[in-house]
């Protein structure tokens, strides 16, 4: 055909050239281990080639006939593949959303309890309950970080409320913000469906924490403290989701002026009775006269420090720039190739998730693992440029070098 029709190279829409390009696109993503769709496409391509070999003599019009015949078939096969891949993408999206929710919630809690010297009662509450509330908010809004902000602010206020109050102004701030704080904590527990007895127990112990905060009682010098162990690994090297927590109360309309005398003491309160809900008045009554020691609770160890990242090079840059939807060829142990599509990149963990034409999740690699596969030659990006165009360009480059 090329010898008969010199427009083959100059006409991008030449029918023979279009047929070669169509077959090349259809082969993208094929594995050497055939599946139902692969076998159907291969059989169709074989029939087309055989027809051309049998019928072509000097009329290039047969290429247009064959192209008109095979293109609808290839489009239908491609649609079936994309349906399978899209189903896998939706499943992976939900899985990563839940995984990210746990990581982000854990990170927001841990970066506060690891840096603030807070009472173990509050630390345990944030780990066990409030982290779950952050996860729920993140999932409910489809991964929107802004949904966490009100709960993060409540967490900061709670932490501040149990820190030592050394000035009359701080004591007055605590009294002013307690009703709103307790409402927000109750609302969070409602969302978590916390049982009444657990809720009552926490508020009773929180009242004692506030008493301790205003009585200036501190741990004995040199007292060691270990932090809770968690199954998730927190990435402390990354930027904070929200500003670094220096736990503090929300501003209130009435605040004590500098040097103002302390509020007059209330009558001596009694600790809340077991099973009796702790209300704002009970807690505020104990703020001025707190005298109950709280036993120190030792929890587990914190997470290990994450491993250091590899030094960036051209292969790391190639992995960073890889676009979703790209096809890669991975070399197997037996030397054969597996064609896989980059389906999803987890923005939180930087995990690259791949699938084959059947929609099976074939492998998940982090950024450095993918860069190492590029570096070692075990992974290459498949060119999606039209076959003939690529061949012509390569030929021109070779001639210019010569």
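Things to note:
- If the condition is being closer than 18 Å to residue 7 by Cβ and either assigned to a helix (DSSP H, G or I) or modelled with pLDDT of 90 or more (or both), then the range 40-65 contributes 61, 62, 63, 64.
- Scanning the range 345-365 for residues that are exposed (fewer than 15 other Cβ atoms within 10 Å of the Cβ) and more than 23 Å from residue 40 (Cβ to Cβ) yields a single hit, 347.
- Residues satisfying the stated conditions in the range 182-203, i.e. touching a residue at least 12 places away in the same chain (Cβ under 8 Å) and either under 23 Å from residue 148 (Cβ atoms) or not assigned by TED's automatic domain parsing to the domain that holds residue 135 (or both): 182, 184, 185, 186, 188, 189, 191, 192, 194, 199, 202
Each row is one residue, and each column tells you yes or no for (1) over 25 Å from residue 324 (Cβ atoms); (2) free of Cβ contacts under 8 Å to residues at least 24 places away in the same chain.
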{"site": "20", "(1), (2)": "yes, no"}
{"site": "50", "(1), (2)": "yes, yes"}
{"site": "66", "(1), (2)": "yes, no"}
{"site": "74", "(1), (2)": "no, no"}
{"site": "78", "(1), (2)": "no, no"}
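- Selection count, the range 1-39, where residues are within 37 Å of the chain's Cα centre (by Cα) and part of a loop (DSSP other than H, G, I, E, B): 8
- Qualifying residue in the range 308-316 (condition: at pLDDT 90 or above and under 25 Å from the mean Cα position of the chain (by Cα)): yes
- Only one of the numbered conditions (1) at pLDDT 90 or above; (2) over 21 Å from residue 3 (Cα atoms) is violated by residue 90, and that is (1).
- Residue in the range 70-85 that is buried (at least 18 other Cβ atoms within 10 Å of the Cβ), assigned to a helix (DSSP H, G or I) and out of contact with any helix residue (DSSP H, G or I) (no Cβ under 8 Å at 6 or more places or on another chain) present: yes
- Yes/no for residue 147 being surrounded by 20 or more Cβ atoms within 10 Å (Cβ to Cβ), in the same structural domain as residue 100 (by TED's automatic domain parsing), free of Cβ contacts under 8 Å to residues at least 24 places away in the same chain and within 30 Å of residue 91 (Cβ to Cβ): no
- Between 79, 89, the distinction of being under 30 Å from residue 342 (Cα atoms) and in contact with a strand residue (DSSP E or B) (Cβ under 9 Å, 6 or more places away or on another chain) belongs to 89 only.
- Residue 161 closer than 23 Å to residue 94 by Cα, modelled with pLDDT of 90 or more and buried (at least 21 other Cβ atoms within 10 Å of the Cβ): no
- Among the conditions (1) without any contact (Cβ under 8 Å) to a residue 60 or more places away in the chain; (2) outside the structural domain of residue 36 (by TED's automatic domain parsing), residue 168 misses just one, which is (1).
The values are calculated or read from the model by the stated rules, or taken from the named source; none is laboratory data. Source: prediction; values computed, not measured. Glycine gets a Cβ as well: all are built from the backbone with ideal geometry, and neighbour counts include every protein chain shown.
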